[in-house]
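Accompanying notes for the structure given below.
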There are 2 protein chains.
Amino acid sequence: MKIVSIDANVSIRRDIDTGTEMQRDAVDNIITQVVEQGDHALFTLTKTLDGADLKELRVSKEEMEAAYAHVDQDIIIAIRQAIENIKDFHQRQKRQSWMTTKEDGTILGQKVTPLDSVGVYVPGGKAAYPSSIMMNVIPAQVAGVKRIVMVSPPQADGTLPAGVLVTASELGVEEIYKIGGAQAIAALAYGTESVPSVDKITGPGNIYVALAKRAVFGKVDIDMIAGPSEIVVLADEYANASFIAADLLSQAEHDERASAVLVTTSTKLAEEVAAEVEKQLETLPKKAIAQASIRDYGVIYVARDLVEAIEVVNELAPEHLEILTEEPMNLIGKIRHAGAIFVGPYSSEPVGDYFAGPNHVLPTNGTARFSSPLNVDDFTKKSSIIAYSKAALQANGAQISALARLEGLEAHARAIDIRLEGKQ
Amino acid sequence: MKIVSIDANVSIRRDIDTGTEMQRDAVDNIITQVVEQGDHALFTLTKTLDGADLKELRVSKEEMEAAYAHVDQDIIIAIRQAIENIKDFHQRQKRQSWMTTKEDGTILGQKVTPLDSVGVYVPGGKAAYPSSIMMNVIPAQVAGVKRIVMVSPPQADGTLPAGVLVTASELGVEEIYKIGGAQAIAALAYGTESVPSVDKITGPGNIYVALAKRAVFGKVDIDMIAGPSEIVVLADEYANASFIAADLLSQAEHDERASAVLVTTSTKLAEEVAAEVEKQLETLPKKAIAQASIRDYGVIYVARDLVEAIEVVNELAPEHLEILTEEPMNLIGKIRHAGAIFVGPYSSEPVGDYFAGPNHVLPTNGTARFSSPLNVDDFTKKSSIIAYSKAALQANGAQISALARLEGLEAHARAIDIRLEGKQ
């Protein structure tokens, strides 16, 4: 891993992948097919793209139950514990509707309401990602969303991985469709005979899924479009180099474009971590991916002191930040931008990926400057409540009309005036 | 106004204006100029597009002070009262960071942090909109945003309207630039020599501003892109037809594409409102606009009962909803989708536009299904806090590793395992 001084250019931002023109055209074309032909398009596209010749799009109750035979009991217990932890953390985020009353009779407030329906995209591929299902479904459930739908591309034999089905069962999700790619996003946004549309779509996917989400945004809401994963470790001379190297590699194995960065005040630690990364890399199953990531997007910054190091961290605004310093808790207040902050030597980033409770869907690519982890608020909306009394309008009506006329909006002013004329 | 039965198609959604190809090209071209030439491009574009030959982009302290001579004292007092009301309402939205501690030493939480910097776009044109400045600036101030910048296109003489400058002064906003259109959005997103970039851009604007906001989204955050304004009035036979007509027209005068809808259980009220609208239209200064809006996007639905009427309202998911029924408060719980809900005969919609306190920046075009009024949360972000103790990791590490391996992520599992080996 390259070691550079703090004066180097510190950006780890990467260009957002907006696909090739061919990919964008393919996505537009798929969306049009689904809008025009509904289920027929879904069956045809699933046959062509996933190689699965389905009779039914929806997963049956029998399939759900049968999946349990293929998942170890230990894993089921771990999934149940993770669900409990994630639920507990998200329940603490839940907001109440509130109102304030004034002496003149005015009532103002915010009414918090869950979304009606949400669709969660679950990617296919070799590794089934139960954690992604939990992280997307649980905040929606806690928010009170009544209808939660899952979509996932079937394997060639027309099934979904057992891990996906068991996780869904454990969460109580019963409406699951065997569709993937842009066609699944189009079905969720526009609806077909078998797949009623939803109000919001969340969950990760490949470039086709990402482009389709962009295309349907506005018709429905979407979550953020995630970039490659990132970790920044902030460490001083008290930190353990092997721990840090292992954590950097746990990001690097995700993706060749993933980024792993150490910012440290200790030249000695910098050198130890660089050596440990090389050593630990050797035996990793995903060595090729991790090596490319470390080579292209891995860097160790040596700062003169913690103040300077923290400046760099805020400049990077990382998705994951680990703080491994003598007094890590005391530094949290200085961190202005980070998706998730892992504090101290035992808070390895995978603790948050699967288990601790906070969401692992986090803002990437510097967007932690203005975005938050996926959370319960993302599955609710607020409505303002304004109840003015007659007395309140009589007391304030003249000022309201004056402001309306200042803006040249006479009909606005008259809507107030007509109520001041004592007609009712 | 046309009166139809509830069985008619109830959508009031309009296509989102994504501009012509020429407009999109113009915007791309302007953004490129600003990125490449900085201030030079801003001066040149402001001369070409706004006809103003500026020496300085930033509004001076003297200009701010001089503006007070051009605004009536009554208006200043009304602005001050509105600011107080809006601040009070938004302060009640403010969230605290929180944490939860467990017996095994684990600490989990959410840290709430304001954005560093926000740019507010203030449209030019004949009517200066002080209310729009208040509604965009106050939530950012309450959130704790340190740097709040305003941009607004200058008049041909190189000045900004006095109402804009006085409102900014009253709010304590001191960093104001005389730039508008796509060039202002580009400067806020990318920064120039005189205009440091911001993290989020909010505020309404014309199609060029909207397209530029879309183009820079991702680089910075933006607020929603608003469609034409809408009002839906839900009323029974107890409602006052003149009030309703006045409120419908107060939306209609905004824009030929604005939509004004009455949903009522009373045929008699339907007919009275239709007649009142015609009558009140006659003397409106913006009669032509309001008439076109009512003709193209105005409709009165007659429902069989309140249950059915409320179904229609939820289907419409309006930006503004007024409830004028015998017991309006009791219906709030049944409203699932609305940007702002105005309750009872004295809560005319303009009360909320200017004065009551809740924000007037609201979700349009059915997006109230999943979006909220502009609020303090929009100017903060959350970071998750995860502090695991050694005991917590020892108790749960095996489950975490198992889940990581289930997903095929060996480096994740090893980052946990290395900490369980008792090396530290």
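For the range A:371-414, name all the residues that are touching a residue at least 60 places away in the same chain (Cβ under 8 Å) and in contact with a His (Cβ under 6 Å, 6 or more places away or on another chain). Residue satisfying the conditions is A:V376 alone. Here is the figure for the range B:292-328: residues that are touching a Leu at 6+ places or on another chain (Cβ under 6 Å) and of a type outside the set (A, V, I, L, M, F, W, C) total 1.
Of the strands (runs of 3 or more DSSP E) contained entirely in the range A:275-356, those carrying at least 3 residues that are touching a residue at least 40 places away in the same chain (Cβ under 8 Å), away from chain B (no Cβ under 11 Å) and of a type outside the set (K, R) fall at A:298-302. State yes or no: is B:A413 over 30 Å from B:S132 (Cβ atoms) and at the interface with another protein chain (Cβ under 7 Å from one of its Cβ atoms)? No, not satisfied. Among residues of the range B:219-253 being in a loop (DSSP other than H, G, I, E, B) and under 19 Å from the mean Cα position of the chain (by Cα), the one that is surrounded by the fewest Cβ atoms within 10 Å (Cβ to Cβ) is B:A226.
For every residue, the table says whether it meets (1) within 30 Å of B:N314 (Cα to Cα); (2) more than 10 Å from chain A (Cβ to nearest Cβ).
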| site | (1), (2) |
| --- | --- |
| B:I179 | no, yes |
| B:I225 | yes, no |
| B:L234 | yes, yes |
| B:F243 | yes, no |
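The residue pairs whose first member lies in the range B:12-29 and is on the phi > 0 side of the Ramachandran plot, whose second member is modelled with pLDDT under 95, and whose beta carbons are closer than 7 Å, counting only pairs six or more residues apart or on different chains, are B:G19/B:I207; B:G19/B:L211.
Out of A:H40, A:H70, report the one residue that is in contact (Cβ under 8 Å) with a residue 60 or more places away in the chain and assigned by TED's automatic domain parsing to the domain that holds A:V137.
Of the residues listed, the single one that is in contact (Cβ under 8 Å) with a residue 60 or more places away in the chain and assigned by TED's automatic domain parsing to the domain that holds A:V137 is A:H70.
Residue check: A:N365 meets all listed conditions (1) more than 7 Å from chain B (Cβ to nearest Cβ); (2) part of a loop (DSSP other than H, G, I, E, B); (3) free of Cβ contacts under 8 Å to residues at least 24 places away in the same chain but one, namely (3).
Within the range A:179-193, the residues that satisfy the criterion of being buried (at least 24 other Cβ atoms within 10 Å of the Cβ) and assigned to a loop (DSSP other than H, G, I, E, B) are A:I179, A:G180.
Within the range A:24-33, is there a residue that is part of a loop (DSSP other than H, G, I, E, B), polar (S, T, N, Q) and either over 26 Å from the mean Cα position of the chain (by Cα) or modelled with pLDDT of 95 or more (or both)? Scanning the range A:24-33 turns up no residue that is part of a loop (DSSP other than H, G, I, E, B), polar (S, T, N, Q) and either over 26 Å from the mean Cα position of the chain (by Cα) or modelled with pLDDT of 95 or more (or both).
Identify, from the list A:V261, A:V232, the residue that is touching a helix residue (DSSP H, G or I) at 6+ places or on another chain (Cβ under 6 Å) and closer than 18 Å to A:L321 by Cβ.
After applying the criteria, what remains is A:V232.
A search for C-beta distances below 8 Å between a residue of the range B:237-259 that is without any contact (Cβ under 8 Å) to a residue 40 or more places away in the chain and any residue that is surrounded by fewer than 22 Cβ atoms within 10 Å (Cβ to Cβ) and small (G, A, S), counting only pairs 6+ apart in sequence or on different chains, returns B:E237/B:S266; B:A241/B:A275. Within the range A:379-407, being among the hydroxyl-bearing types (S, T, Y), in contact with a Ser or Thr (Cβ under 7 Å, 6 or more places away or on another chain) and either more than 7 Å from every other protein chain (Cβ to nearest Cβ) or assigned to a loop (DSSP other than H, G, I, E, B) (or both) holds for A:T380, A:Y388, A:S389. Helices (runs of 4 or more DSSP H) fully within the range A:56-158 that include at least 3 residues being within 25 Å of the chain's Cα centre (by Cα) and over 17 Å from A:L374 (Cβ atoms): A:73-91. When the range B:368-378 is filtered for residues that are part of a helix (DSSP H, G or I) and not small (G, A, S), the ones remaining, listed by number, are B:R369, B:V376, B:D377, B:D378.
Count of the range B:159-178 residues, restricted to those that are assigned to a helix (DSSP H, G or I) and of a type outside the set (G, A, S), is 6. All of (1) at the interface with chain B (Cβ under 7 Å from one of its Cβ atoms); (2) in contact with a Lys or Arg (Cβ under 8 Å, 6 or more places away or on another chain); (3) β-branched (V, I, T) hold for A:V376 with one exception: (1). Hey, does the range B:295-310 have a residue that's of a type outside the set (S, T, N, Q) and closer than 19 Å to B:T367 by Cβ? There is at least one residue in the range B:295-310 that is of a type outside the set (S, T, N, Q) and closer than 19 Å to B:T367 by Cβ. Annotation note: of B:S152, B:S117, the sole residue that is at pLDDT 95 or above, surrounded by fewer than 23 Cβ atoms within 10 Å (Cβ to Cβ) and among the polar types (S, T, N, Q) is B:S117.
Residue by residue, here is whether (1) touching a Gly at 6+ places or on another chain (Cβ under 8 Å); (2) closer than 30 Å to A:G144 by Cβ; (3) crowded, with 22+ Cβ neighbours inside 10 Å holds:
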{"position": "A:L374", "(1), (2), (3)": "no, yes, yes"}
{"position": "A:S384", "(1), (2), (3)": "yes, yes, yes"}
{"position": "A:A387", "(1), (2), (3)": "yes, yes, yes"}
{"position": "A:K390", "(1), (2), (3)": "yes, no, no"}
{"position": "A:Q394", "(1), (2), (3)": "no, no, no"}
{"position": "A:A402", "(1), (2), (3)": "no, no, no"}
{"position": "A:L409", "(1), (2), (3)": "no, no, yes"}
{"position": "A:H412", "(1), (2), (3)": "no, no, yes"}
{"position": "A:I418", "(1), (2), (3)": "no, no, no"}
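May I ask you to list the residues in the range B:99-121 that are more than 9 Å from chain A (Cβ to nearest Cβ) and basic (K, R)? B:K102, the sole residue that qualifies.
On the basis of being within 14 Å of chain B (Cβ to nearest Cβ) and under 13 Å from A:V166 (Cβ atoms), does A:R92 make the cut? Against the criterion (within 14 Å of chain B (Cβ to nearest Cβ) and under 13 Å from A:V166 (Cβ atoms)), A:R92 does not qualify.
Of the residues in the range A:313-322, at least one is touching a helix residue (DSSP H, G or I) at 6+ places or on another chain (Cβ under 8 Å), more than 25 Å from B:A404 (Cα to Cα) and surrounded by 24 or more Cβ atoms within 10 Å (Cβ to Cβ). In this entry, B:A398 is excluded by the filter for residues that are over 30 Å from A:Q291 (Cβ atoms) and surrounded by fewer than 24 Cβ atoms within 10 Å (Cβ to Cβ).
The values are calculated or read from the model by the stated rules, or taken from the named source; none is laboratory data. In this text the structure is predicted, and so the values were computed from the model without any measurement. Positions of Cβ are generated from backbone atoms using ideal geometry, with glycine treated the same way; all protein chains shown enter the neighbour counts.
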